[in-house]
Amino acid sequence: MATLSYRTAGESHGPALVSIVEGLPAGLSLDMDVINGELRRRQGGYGRGGRQKIETDTVTFLTGVRRGQTIGSPVTIEIKNRDSRLDDTPALVKPRPGHADLAGAAKWLSTDCRETLERASARETANRVAVGAIAKCLLRAFHIQVVGYVTRIGMAAANVDGAASAENLLAGVMNSEVYCPDVAASQKMIEVIREAKVQGDTLGGIVETRVFGCPVGLGSCAHWDMKLDSRIAAEVMGIQAIKGVEIGIGFQAAMLPGSEVHDPIEFDPKQRNSPNLGFTRPTNNAGGLEGGMTNGQPVVVRAAMKPISTLLKKPMPSVDLNTKRADKADYERSDVCAVPAAGVVVENVIAFEIARSMVEKFGGDSMTEMQTNYRNYIKAAAALGQ
Ligand code: EPS
């Protein structure tokens, strides 16, 4: 079975971030505007810190690409760090509650948390956004759109129309400094971030991603680790500061009877040859996934981000790892709120998982082969029954 995979490497203040992506079919056009545009969006969003004023994240392809297209060999991506000074970074001996500092220092037998935090830093998410943006280029060839947005920052919550189109959501996101399609809520979110900054505090929130246009049958119920919902949850939970992941109505399903949770199945012959094969659902509580497989409805994923653990004016109680005496946690330059940026990361790792499931189902060494396989599947599936 053809599959797609990636690894990332790089420290926050090392010379560069790199990723290797394997399994991309040959002949995939890599749109630099899309890839660098996603990196730019990750750097933005109201509430970001000083580092983003130093960096202009852009991708260089070191391998696997010729004249803007993949050639079937591993693709290596480089994103240079302008703030490259790893050897000169100071020791950090008073771990920040909530960060990887304490556990990492003990794990690697050190009293200096620096080496842990350099890799644990959310700077690494630039890698995952670049990889996800490549996945978006692949999904575009199959008219699959992935849209992410913010639904909550601290106590400021948005109201997002569950039936909104990808285009409407995108337009709303592009117009908002916090990447939230609800105009009034965006304003409130900016206010709560501003207030947190004045207080020297930080804020978390909730982000949501919807994937439009997935064909029925991506993922598999054959094995737990082939279920698309399990893979998406693992990818999203692997993002720095994410503490919860929901699919569809998620935890709310536990409170309602089955008759109010499950989405009735209807058939519209006009849509028979489309990715949903004509099977429409008046509701989408399942978030587009049943039995770990896409059911033709938009895939809906929500993630909760905790507030950033580096606090400027009110460092949390901690302990000096050298003296073991009580002290305040160290301060490192940081963000007040990175929820909008996290939304971009979530959206892109989900794009990667959808692309991986597409490659597994439709495979092939080239885009031409993969597109032929896709068309044949829709044709065969649409021809079933009367
Ligand atoms: C980040 C870069 C980092 C942090 C932030 C995310 O750069 P620096 O440490 O030089 O300011 O701003 O990382 C964290 C919040 C964290 O806890 O590690 C980025 O590019 O996203």
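Which one is nearest to the chain's Cα centre (by Cα), of the residues in the stretch 39-51 that are closer than 20 Å to residue 18 by Cβ and near the ligand (Cβ under 8 Å from one of its atoms)?
Step by step, filter the stretch 39-51, then rank; the result is 42.
Is there a residue being under 30 Å from residue 54 (Cα atoms) and touching a Ser or Thr at 6+ places or on another chain (Cβ under 7 Å) anywhere in the stretch 294-303?
No, the stretch 294-303 has no match at all.
For residue 129, all conditions in the list (1) at pLDDT below 95; (2) under 24 Å from residue 77 (Cβ atoms) hold save one; what is the number of the exception?
Checking residue 129 against (1) at pLDDT below 95; (2) under 24 Å from residue 77 (Cβ atoms), the one that fails is (1).
Here are some residues: 172, 132. Which one is within 15 Å of the chain's Cα centre (by Cα) and of a type in the set (Gly, Ala, Ser)?
132
I'm trying to understand the selection: among the residues of the stretch 20-35, which are crowded, with 17+ Cβ neighbours inside 10 Å and under 13 Å from residue 137 (Cβ atoms)?
Matches in the stretch 20-35: 21, 24, 25, 27, 28, 30, 35.
May I ask you to verify whether residue 123 is of a type outside the set (Val, Ile, Thr), surrounded by fewer than 24 Cβ atoms within 10 Å (Cβ to Cβ) and within 28 Å of residue 70 (Cα to Cα)?
yes
Out of all the residues in the stretch 91-101, which are more than 16 Å from residue 308 (Cβ to Cβ) and either part of a helix (DSSP H, G or I) or of a type in the set (A, V, I, L, M) (or both)?
The answer is 91, 93.
Condition test on residue 167, is it of a type in the set (Asp, Glu) and more than 25 Å from residue 282 (Cα to Cα)?
Spelling it out, it is not the case that residue 167 is of a type in the set (Asp, Glu) and more than 25 Å from residue 282 (Cα to Cα).
Looking at the stretch 2-12, is at least one residue basic (Lys, Arg) and more than 16 Å from the ligand (Cβ to nearest atom)?
The answer is yes; a qualifying residue exists.
Considering the stretch 205-259 alone, what residues qualify as being among the hydroxyl-bearing types (Ser, Thr, Tyr) and closer than 29 Å to residue 133 by Cβ?
Hits for the stretch 205-259 are 209, 220, 230.
Any residue at all in the stretch 164-174 that's over 26 Å from residue 7 (Cα atoms), crowded, with 18+ Cβ neighbours inside 10 Å, modelled with pLDDT of 95 or more and among the β-branched types (Val, Ile, Thr)?
Looking for residues that are over 26 Å from residue 7 (Cα atoms), crowded, with 18+ Cβ neighbours inside 10 Å, modelled with pLDDT of 95 or more and among the β-branched types (Val, Ile, Thr), one finds at least one in the stretch 164-174, hence yes.
Restricting attention to the stretch 13-34, and to residues there that are within 16 Å of the ligand (Cβ to nearest atom) and of a type in the set (A, V, I, L, M), which single residue is farthest from residue 85 (Cα to Cα)?
Among them, the one singled out is 18.
If residue 17 satisfies every condition in (1) among the aliphatic types (A, V, I, L, M); (2) under 30 Å from residue 321 (Cα atoms); (3) surrounded by fewer than 17 Cβ atoms within 10 Å (Cβ to Cβ); (4) touching a helix residue (DSSP H, G or I) at 6+ places or on another chain (Cβ under 8 Å) but one, which is the exception?
Just one mismatch for residue 17, condition (3).
Examine the stretch 351-372 for a residue that is more than 16 Å from the ligand (Cβ to nearest atom), assigned to a loop (DSSP other than H, G, I, E, B), on the phi > 0 side of the Ramachandran plot and at pLDDT below 95, and state whether such a residue exists.
So far as the stretch 351-372 goes, yes, one or more of its residues are more than 16 Å from the ligand (Cβ to nearest atom), assigned to a loop (DSSP other than H, G, I, E, B), on the phi > 0 side of the Ramachandran plot and at pLDDT below 95.
Name the single residue that is surrounded by the fewest Cβ atoms within 10 Å (Cβ to Cβ) among those in the stretch 39-50 being basic (Lys, Arg) and within 29 Å of residue 73 (Cβ to Cβ).
Here the residue is 40.
Of the residues that make up the stretch 360-367, is at least one surrounded by 20 or more Cβ atoms within 10 Å (Cβ to Cβ), closer than 30 Å to residue 224 by Cβ and among the aromatic types (Phe, Trp, Tyr)?
Yes: one or more hits.
Of the residues that make up the stretch 51-66, is at least one assigned to a loop (DSSP other than H, G, I, E, B), buried (at least 18 other Cβ atoms within 10 Å of the Cβ) and out of contact with any strand residue (DSSP E or B) (no Cβ under 9 Å at 6 or more places or on another chain)?
So far as the stretch 51-66 goes, no, none of its residues is assigned to a loop (DSSP other than H, G, I, E, B), buried (at least 18 other Cβ atoms within 10 Å of the Cβ) and out of contact with any strand residue (DSSP E or B) (no Cβ under 9 Å at 6 or more places or on another chain).
Go through 138, 92 for me and flag whichever is touching a residue at least 12 places away in the same chain (Cβ under 8 Å), surrounded by 21 or more Cβ atoms within 10 Å (Cβ to Cβ) and within 12 Å of the ligand (Cβ to nearest atom).
92
Run down 111, 125 and say which single residue is more than 27 Å from residue 196 (Cβ to Cβ) and touching a residue at least 24 places away in the same chain (Cβ under 8 Å).
Just one listed residue meets the conditions, 111.
The values are calculated or read from the model by the stated rules, or taken from the named source; none is laboratory data. Predicted, not measured: the structure shown is a model, and the values here were computed from it. Methodologically, a virtual Cβ is constructed for each residue, glycine included, from the backbone with ideal geometry; neighbour enumeration extends over all protein chains shown.
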